[in-house]
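First the structure, in the form of structure tokens, and then the observations on it.
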Amino acid sequence: MFNVDDLIGEFDRALRAIAGVAEAARRTPAEGVSEAQLSASEREHAVALMRVNHVGEVCAQALYQGQALTARNPGAKAALERAAREETEHLAWTERRIAELGGRKSLLNPAWYAGSFALGALAGLAGDRWNLGFLAETERQVVAHLGGHLLRLPEEDSRSRAIVETMREDEARHATSAVGHGAADLPEPAKAAMRLSSKVMTETAFWI
Ligand SMILES: [Fe+2]
Ligand SMILES: [Fe+2]
């Protein structure tokens, strides 16, 4: 199922996601949006939220790569790879925004990556319908999560907001595309378990 070239490619992607050398093909949605005068506490709050979003994108890299590696159907594989490219852009945008705000990324990124990669590969092994179902549900939960962040980000932080808004649109499209490629609807307990694990991740990444 795996060949050596794939594994080397994976290792390279993992290092890029964690080390922070992601490049975005699309310009950051913050471009041309002026920087707000934030108070120290607002800035700290914005950094914490953008760190959570950056971790989410590290996880997205790993999930998508894990899934694309195990997907059987070429259509599903291509859809996963297309979405993964947009996730790389999200990764670069959030990373850059954290740096602009003078913050730091999560110290636990290697662990987030490893856990998500394993989950993605497991979902992939369950077959394309479940693989895509897991993806669609992940993206729906991310859309809801990003909506929450738009309420929590400082009102004036338009640069962060522009990034989160574009990400939310992209994630919604990823969910729709997964459904279009035949995603199964996951059982409710699986959805609840996913919500719980992302709660652990987001609450931890807010601080660490
Ligand atoms: Fe994303
Ligand atoms: Fe996505």
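Set the Förster radius R0 to 25 Å, insert the Cβ-Cβ distance between Ala48 and Glu169 as r into 1/(1 + (r/R0)^6), and round the FRET efficiency to 0.05. After rounding to 0.05, the efficiency reads 0.60. Placing R0 at 25 angstrom, the Cβ-Cβ distance between Asp185 and Leu108 gives a FRET efficiency of 0.20 after rounding to 0.05. Taking the fewest neighbouring Cβ atoms within 10 Å as the starting point, the ordered list for Val200, Val179, Val164 is Val200, Val179, Val164. You can think of it this way: the chain between Ala25 and Trp207 has 62.5 nm of extra reach, that is 0.36 nm per residue less the Cα-Cα gap. Over the chain, the reciprocal of the mean inverse Cα-Cα separation, the Kirkwood hydrodynamic radius, stands at 17.1 Å. Taking 18 Å as the cut-off, the amide N atoms of segment 40-55 that come nearer than this to a point 7 Å along the Cα-to-beta-carbon line of Val33 belong to 42-55. Relative intensity of segment 54-110 on a log10 scale, I(q)/I(0) at q = 0.15, 0.25 Å⁻¹, equals -0.48, -0.93, per a Debye sum over C-alpha point scatterers of equal strength in the absence of solvent.
Only lysines eight or more places from Lys199 in sequence, or on another chain, were considered; those with a Cα closer than 24 Å are Lys105, Lys191.
Helix by helix, which DSSP H runs in the chain go 18 Å or more along their axis at the Cα atoms and have an average Kyte-Doolittle hydropathy of 0.5 or more? Taking the DSSP H segments of the chain (at least 18 Å long, mean hydropathy at least 0.5), we get 109-125. Our helix-only sum for the chain, with -39,500 (n - 2.57) per DSSP H run of n ≥ 4 divided by its residues, gives a mean residue ellipticity at 222 nm of -27000 deg cm²/dmol.
Coordinate-derived values only; no laboratory data. Model, not experiment: these values are computed from the prediction. Every residue, glycine as well, gets a Cβ built from its backbone with ideal geometry; the counts of neighbours run over all protein chains shown.
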